[in-house]
Protein chains: 2
Amino acid sequence: MTLRKRSLPPPKTGRGEMTRRKILDAAKREIGRRGFAEASISTITAEAGVAQGTFYIYFRTKEDVMRELVLHMGRMLRHHLTEATAGAKNRLEAEKLGLRAFLDFVRKNPDLYKVVEESQFVDEKVYRQYYTDFAKSYRIALAAAEKRGEVAASKNGVSTEVRAWMLMGISVFLGQRYGLWDPKTPLEPIVEAAAAMIAHGLSPAPGAAPGRAK
Amino acid sequence: MTLRKRSLPPPKTGRGEMTRRKILDAAKREIGRRGFAEASISTITAEAGVAQGTFYIYFRTKEDVMRELVLHMGRMLRHHLTEATAGAKNRLEAEKLGLRAFLDFVRKNPDLYKVVEESQFVDEKVYRQYYTDFAKSYRIALAAAEKRGEVAASKNGVSTEVRAWMLMGISVFLGQRYGLWDPKTPLEPIVEAAAAMIAHGLSPAPGAAPGRAK
DNA sequence: ATGCAATATGAATCAGTTGTCATGTTAGAA
DNA sequence: TTCTAACATGACAACTGATTCATATTGCAT
């Protein structure tokens, strides 16, 4: 029964709901732009168009907002990815569609993305949970695909988990490099290249002629 | 000629050198443990066994220390990886040895690792430089391996770069999951699984029987 | 209409920093 | 030995920004 630090009760009226959302939205932009340390409550409330004290009606601390935003990102991203991969014929196609959708998401929501990454240094627990949850769905999806013979069978107990974390790392790094830092470059060739690597790895294609000199 | 904010002159005596190193070391531990925001100059100097003011003889700000530590990590890691992959027969083997060495490094230097990751929110420039530099050496190594036919030829211009970032993402995420968060688990099976995936991807091995039912 | 709970205000409080500085101390060159 | 630049000290001035709180205001249920 460790119910320490309950979250504040949710707003009871429509007005409250609106205000809370305005603050959350301003916080997302502000923290995304300036980072957690630089973002001040006064700036956030100013941007939201409310008084300083109003913040504390809905959130206990600045950290609270981070937690909330991480959960929010999780929900949004999950939804986005579910939609994007719904029509996939197999796991490999799902990986490709998912990566593409993820990069799109990052470009459309750079603030949210940065908030999640920074949450690791504000509330490590929520950050771990975020990735651990993703890893879990990933593991399940991969295990199912293994059963169906769509991906190579794992050699040992850990390998599905390892693959899940590798795939997350790939997405996060490509998201950082091409989603955040280089938001103009066309995504197609990137996704193409990444999907090929995910499917076949670095090895020279065994079927293809290995040494076509000249 | 934008020489703004020159770094402080280096110590001129052995004593100064020692003191500077003690501070840097304490800062590494302190920031690694408590994070950049929580780490205070007074705590760092206390741990280093010097007075508060001494800090400012060697560093302008806390951010300065971060920058220095990121560069330090870069040098140490590069050295560690170079040694570890020296005897590799080919790129695939180098990848495996490199990953293994990286995970070792993370387990031995968790503070330094965390400092580098947090630097992204303290001085984004130095963080980008860190990974951009690594990506560059990676690209060069991959391109050479392609020439030698050790890895699949890239299909288009971006693909070598994409591969480099994917491989870095893989390392960082496995480093986080198995190096930092789960520092006891044996690394062999993890490296084994990861190397297989890096070599062949997710696709069922084309040689292996795809549907050995029951 | 009226009364109460919910919501809103923003000045004041409060805690904790950083970075400075006037004053020693040290070591090694001459 | 003496002299001086380098190094070290630690108290504290100045600042910052989060959080509190006494005081309005709002709007819905009755």
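The values are calculated or read from the model by the stated rules, or taken from the named source; none is laboratory data. Quick caveat: nothing in here was measured; it's all calculated off a predicted structure. Cβ: placed from backbone, ideal geometry, glycine included. Neighbour counts: every protein chain shown. Just the protein is used for accessible areas: all its heavy atoms, side chains included, with ligands, DNA and RNA removed. Shrake-Rupley method; radii C 1.70, N 1.55, O 1.52, S 1.80 Å.
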- request: For B:Ile31, indicate whether it is within 14 Å of chain A (Cβ to nearest Cβ), modelled with pLDDT of 95 or more and either closer than 17 Å to B:Val122 by Cα or within 16 Å of DNA strand D (Cβ to nearest atom) (or both).
  value: yes
field: Test: A:Tyr131 is free of Cβ contacts under 8 Å to residues at least 40 places away in the same chain and surrounded by 19 or more Cβ atoms within 10 Å (Cβ to Cβ)
entry: yes
field: the range A:55-98, residues that are assigned to a loop (DSSP other than H, G, I, E, B) and within 14 Å of chain B (Cβ to nearest Cβ)
entry: A:Thr61, A:Ala88, A:Asn90
message: Here is a list: B:Leu103, B:Leu112. Which entry is at pLDDT below 95, open to solvent by less than 40 Å² (accessible area, probe 1.4 Å) and within 18 Å of the chain's Cα centre (by Cα)?
response: B:Leu112
statement: The residue that is most open to solvent (accessible area, probe 1.4 Å), considering only those in the range B:134-166 that are within 18 Å of A:Gly179 (Cα to Cα) and charged (D, E, K, R), is B:Glu161
- request: Determine if the range A:169-187 includes at least one residue that is under 22 Å from B:Lys136 (Cα atoms), touching a residue at least 12 places away in the same chain (Cβ under 8 Å), over 15 Å from the mean Cα position of the chain (by Cα) and open to solvent by less than 40 Å² (accessible area, probe 1.4 Å).
  value: yes
- prompt: In this structure, is A:Arg20 assigned to a helix (DSSP H, G or I), modelled with pLDDT under 95 and not assigned by TED's automatic domain parsing to the domain that holds A:Tyr127?
  reply: no
The range B:30-72: number of residues that are within 10 Å of DNA strand C (Cβ to nearest atom), touching a residue at least 60 places away in the same chain (Cβ under 8 Å) and crowded, with 18+ Cβ neighbours inside 10 Å: 1
